[in-house]
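The values are calculated or read from the model by the stated rules, or taken from the named source; none is laboratory data. Computed from a prediction, not measured in an experiment: that's the story for all the values here. Cβ placement follows ideal geometry from the backbone for every residue including glycine, while neighbour counts extend to all protein chains displayed. Surface areas here come from the heavy atoms of the whole protein model, side chains and all, with no ligands, DNA or RNA. Shrake-Rupley method; radii C 1.70, N 1.55, O 1.52, S 1.80 Å.
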Amino acid sequence: MFHDRLFGQRFIVCGLFLMGLLGASLIECQVAWGNTPRLSVVLPRGVQRGQQHTLRMVGERIGNAQQVFFYDSGISVVEIKSVDGNQIDVVVDVAGDCRLGEHVVQVRTPKGISDFRTVYVGHLPHIEEVEPNSAIAQAQAIEMNVTVVGTITGEDVDYFVVQAKQGERISVEVQAIRLGFLFDAFVAILDQDRFELAACDDTTMFNQDPFVSIVAPADGEYTIMIREASYGGNGNCRYLMHVGNFPRPTAAFPAGGPPGSEIDVALLGDPSGPIQQRFNVPTEPGFRPGLTIATEAGTIPSALPFRVNELPNHLETEGNNTWLSEPVLELPIAINGVISEPDEFDYFLFSAKQGQVWEVECYARRLGSGLDPVMNIFKASDKSHVVGNDDSRGPDSYLRFQVPEDGDYYIRIYDHLRRGQADFVYRLEMTPVQPSLGISIPRVDRYSQLRQTICVPRGNRFGTVINATRENIGGELKLIEEGLPPGVKMTTYPMLANLNSMPVVFEAEPEAELVGALVDLRVRLADESQTLTGGFSNLADFANGEPNQALYYGCTVNRLAMAVTEAAPFRIEIVTPQAPLVREGTYDLRVRVHRDEGFAGPVHLQFPFVPPGVGRTNQITCPPEQSEIIYQLNANGNAQLGTWPIFVSGYADVEGGQLWISTPMAELVIAEPFVKIEIPRAGCDQGQTAQLVATIEQLSPFEGEATLQVVGLPPNVTAEPVVFTAETTELVIALPTTAESPLGNHKSVFCQVHIPVAGERIVASTGRTELQINKPPPAPVEAAPEPAPVAAEQPATPPPAAPLSRLEQLRQRAKGGEK
């Protein structure tokens, strides 16, 4: 069953469904790989050491392979033979002392380097699974101490039968998901009456890869069953199943030691009981560190996780399940213990000085232990709690302990669920804060290794971004230019202390030999007085699944694959910027494309590295009819000032796929604006002309005439460009409106200035303001003229006045005719 390591939930999934999801994600990036070689699988998936083998490498465009890289010693290439355009046979010698386990391989062709894949080295002879063996009655008879090479198809179950004597150890270990595909194997051992003696789905040591080991209770036949955990499977569900008498411990105690030392180790979890062995700790951890166990009964197929560092070991002694008074440990130290019983608590006493800072890290799950450790630190004087942690390193714990006062302290370890088991080992490392450095190449495709290598065409360049990680240290960083392939040079600038990435451009001479190398690319502090360096690391996803394409198995390498490749039919260059990019401004970066005769395709351009505060379009295309194009950059008001290294990457469709190159490194200056303009809010009525009064402050001198254009105006409002010089302190800009200009307060108005500098023009935005457009007041209404008086005839005798009606009386009063 698959475990989601992020959320701690348990999922049962159909292998076929997840395999389909993974396949779909690979198809999406197919075009991007184009003519780049790809390596899909190495067959067989495992080989026996001490022999010569032929490896069939299957992929795309690898038929003309010139070189095969192995990341570790022990495997040497004898011959490369082309099968067809997508397959090669590689004859290899595997040394008798070759490290057991995973070995990483890559293929180089004249056009590039493939993604890396793996092959497993074992010590047992290999036999092939033979169908039909999908029922117990059809179980395939095999000898002990062999490695079965098989495949689980849909709803398939493979059965094998071995003969064993009473008291004989029967161990089975499966390598399945570690072979690089989403295959969750389940294995079981049955007696001759078909009763299950042991079964395993997942292990804390190998995740979805199971192992089981028993001591045979009687003479007779024992059946081994292997299937996909949810009865899925397909042709890609390959497995290596090691069957034999070899020990299969689940933990080593202690789980680490000083390099070059000789220590006694107890191997826990084997069904025959603890195994005591003396080991010589390697002087260096190696490519895949671990403890290889070899006894008279056999050799363990996969190494036990084992820490190698300079810390002195302290081994737990029983009686430490409560507060104790001795021994008092001196730091730094590595404390090794076992939570062997439920509800067990381990206490250790140590002394520390006020102001000291210690990194306290517990290794358990990372060592294959089932322990989920919880740590707490207490003052010894009053048993008061100081600090604690659970799950800062996945299920493992980590904390940084700043000592509050001189004195003795207890550290306590227990399991989160109060469980205990004989193999619940842990290693508690207490060290001073140590600085460290590391570098990597950021992914450009989430689930593939696209452009994770350096492939430089002859007479051309290839650019990338290098990411850096700093732990407990600051300062500028520099790449160390060592070990590059012949004819290749590197252009880089120091990485500033506040950044975690830098642009790097590699260039190959026109006559450089088509060669490749695995380069130990390293980084150091720019301060020459500091000696700290860090190396390269790259993780590739090999098996992803639900939920949300979570990573179930990945592969990490510690060197960067580089190669000189065949010449590209085009080149690109940046026209050196003469003017700066100013804050709140834009810059039209000119990029030239040079095409060889016979090549007339479009070239797609990207700007991989931008200084802080600078933006750009993700990609632009220079069409076939153009040899120059503008790549516009913009800077916000907080863009980091200074002179910055820049490059442009480009790709074109060459022979059916993308071929990537880059420009040489160039420099871009980010500067403060040359002028500052302030404009008070303006307004007018609809149909009138508003006036913007601009106050100009010169921040940097310039020569010639600059122009100012008001932009961001609402519809039906216009403004003519205005010319100004370095001596201009004020401008008045007319903004005519019309009856159709929208009413309201318009807040998007600002000025764009174009200033001549070194034959180019600086473009910047400044003078943000508001424009209020009001509705005009209504026109005044003219009063009607009074009619001319008409002369009335004079009666001889006026008639008596008629009495006023009540309505007329009220009218008279309204006119003031009656008091």
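With the cut-off at 28 Å, tell me which of the pairs 81/111; 353/478; 478/676 have Cα atoms farther apart than that. Over 28 Å apart, Cα to Cα: 353/478; 478/676. Farthest toward the positive end of the dipole of the stretch 556-644, out of 575, 562, 602, is the Cα of 562, where the dipole comes from beta carbon charges about the Cα centre.
Taking a ≥ b ≥ c as the square roots of the Cα gyration tensor eigenvalues, with a/c under 1.5 meaning rounded and otherwise prolate when a/b beats b/c, else oblate, which class fits the chain? Cα axes put the chain in the prolate bin. For the stretch 418-448, the residues whose backbone nitrogen is under 18 Å from a point 7 Å from the Cα of residue 400, taken along Cα to Cβ, are 429-438. Put 238, 427 in order of accessible area, highest first, and with a 1.4 Å probe you get 238, 427.
Distance from the Cα centroid of the stretch 414-489 to that of the stretch 112-178 is 35 Å (rounded to whole angstrom).
Once both labels are positioned 7 Å from their Cα atoms along Cα-to-Cβ, the gap between residue 277 and residue 497 label points is 4.9 nm. Accessible area of the stretch 73-197 with a 1.4 Å probe: how many percent of it is carbon plus sulfur? Here carbon and sulfur together make up 47 percent of the probe-accessible area.
Annotation for residue 417 and residue 728: the two label points, set 7 Å from Cα along the Cα-Cβ direction, are 7.6 nm apart. Quick check: Cα centre of the stretch 608-675 to Cα centre of the stretch 283-349, how many Å? If you average the Cα positions of each part, the centres end up 53 Å apart. For residue 237, the residues whose modelled amide H falls within less than 5 Å of its own, excluding neighbours fewer than 5 places apart on the same chain, are 152.
The slack between residue 155 and residue 745, meaning 0.36 nm per residue of separation minus the straight C-alpha distance, is 205.4 nm.
Solvent-accessible area of the stretch 562-623 (1.4 angstrom probe, protein heavy atoms only): carbon and sulfur portion equals 42 percent. Shown in residue order for the stretch 532-547 are the 3J(HN,Hα) couplings computed by the Karplus curve 6.51 cos²θ - 1.76 cosθ + 1.60 at θ = phi - 60°: 5, 10, x, x, 8, 8, 9, 9, 10, 7, 9, 9, 10, x, 5, x Hz (x for Gly and Pro).
For the stretch 436-467, the residues whose backbone nitrogen is under 16 Å from a point 7 Å from the Cα of residue 77, taken along Cα to Cβ, are 454-455. Considering Cα pairs under 8 angstrom that are at least six residues apart, work out the relative contact order of the stretch 545-659 and quote it in whole percent. With pairs under 8 Å counted, the relative contact order is 27 percent. Placing R0 at 56 angstrom, the Cβ-Cβ distance between residue 445 and residue 284 gives a FRET efficiency of 0.95 after rounding to 0.05. Taking 0.36 nm per residue of separation and subtracting the Cα-Cα distance, full extension of the segment from residue 774 to residue 520 would add 84.5 nm. Extension gain for the segment residue 84 to residue 166, taken as residue separation times 0.36 nm less the Cα-Cα distance, is 24.3 nm to one decimal.
The residues of the chain present an accessible area of 45 Å² per residue when probed at 1.4 Å with all protein chains retained. Think of the stretch 65-137 as a dipole: +1 on every Lys or Arg Cβ, -1 on every Asp or Glu Cβ, centred on the Cα centre; then among 91, 74, 114, 114 lies furthest on the positive end. Once the Cβ-Cβ distance of residue 481 and residue 509 is raised to the sixth power relative to R0 = 25 Å, the FRET efficiency obtained is 0.95. In this simple spin-label approximation, residue 533 and residue 431 carry label points 7 Å from Cα along the Cα→Cβ vector, and these lie 1.9 nm apart. Could you compute the FRET efficiency for residue 630 and residue 197, with r as their C-beta to C-beta distance and R0 at 56 Å, rounded to 0.05? Calculated value: 0.15.
Within the stretch 577-610, whose backbone N sits under 20 Å from a point 7 Å along Cα→Cβ of residue 758? Counting backbone N atoms under 20 Å from the label point, the list is 577-592, 610.
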